[in-house]
Amino acid sequence: MIRVQREDFDAAAEAKALVAGNHRVGSVVTFVGLVRGAAGEATIGAMTLEHYPGMTERELAKIDAEARARWPLEASLIVHRYGRLKPGDQIVLVVTASAHRQAAFAANEFLVDWLKTKAPFWKLESTAQGEQWVDARAADDYAAKRWGPK
Amino acid sequence: MKVLYFSWLKTRAGIGEETVTPPAGVASVGALLNWLATRSPGHAAALANRSVVRVAVNQEYATTNAPVGPNDEIALFPPVTGG
């Protein structure tokens, strides 16, 4: 399941609801990404996330389907926010659930790595120096590539 | 066709969305980018470094040689930075 929304989310409630009633699940892994308060030397006042409505949902659904094809997941959820956020705010939630922990851990890391390099979101940082679009990081490309092609 | 610009491509091009009618010979992503770059100095600035321009045709990632037509939605944006 995927969702793109402006509103905040409750990670624990989302994870609980995702696996409610499914007693094959033995492991739930929850990842929450937050807005950092600094970029290098600069203090971040706000972070605005722009996205491409329509394509964002399609890309996230494809990434989710790929994880489900690669690992024996019982359930998965991606929630990604957009709009203006502040340091400490939650940006993204990825929940994976499986019978045993290995699949849930691996699939969760895969989902985060792939969404960072494929889902059409862009971060605009506001600092005392003004506004600046965040550059893509080579480390993110590297992290995504270790999972192989597609 | 509809062309969308995101992130700093929008800032540089000075426009977020436009409907364009390129000449008949413009039938691929690469040819379209070349033609769009001639529309204004802002477009030229946005498209100056093609290595950091990603393209989607009808909301799917596309490469330079992918075909484009009058009914397509083309999106131009930098490498993504979500998550």
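Each reported figure results from applying straightforward, stated rules to the coordinates on display, with no laboratory input. Being a predicted model, the structure only gives us computed values, none of them experimental. All Cβ positions, even for glycine, are placed from backbone atoms using ideal geometry, and neighbour counts span all protein chains on display.
Quick notes on this structure:
- A simple rule links phi to the HN-Hα coupling: the Karplus curve 6.51 cos²θ - 1.76 cosθ + 1.60 with θ = phi - 60°, which for the stretch B:27-44 gives 10, 10, 4, x, 5, 5, 4, 4, 6, 4, 5, 8, 6, 6, x, x, 4, 4 Hz, with x for Gly and Pro.
- As a ratio to 2.2 N^0.38 Å, the alpha-carbon radius of gyration for chain A is 1.07.
- Cα-Cα over 27 Å, subset of A:Lys86/A:Lys116; A:Lys62/B:Lys2; A:Lys62/A:Lys123; A:Lys123/B:Lys2; A:Lys16/A:Lys123: A:Lys16/A:Lys123
- The stretch A:2-145: relative contact order in percent, alpha carbon pairs under 8 Å with at least 6 residues between: 33
- D_trans [Stokes-Einstein, Kirkwood Rh over alpha-carbon pairs] for the stretch B:2-77, 37 °C, 0.692 mPa s, µm² s⁻¹: 272
- Semi-axis lengths, largest first, of the ellipsoid equivalent to the stretch A:68-119 are 24, 11, 9 Å, with √(5λ) applied to each eigenvalue of the Cα gyration tensor.
- Within the shell of other residues whose beta carbon sits under 12 angstrom from the beta carbon of A:Trp114, the net charge comes to 0, with Lys and Arg scored +1 and Asp and Glu -1.
- The helix-based estimate of mean residue ellipticity at 222 nm for chain B, built from -39,500 (n - 2.57) per DSSP H run of four or more residues and divided by its residue count, is -6500 deg cm²/dmol to the nearest 500.
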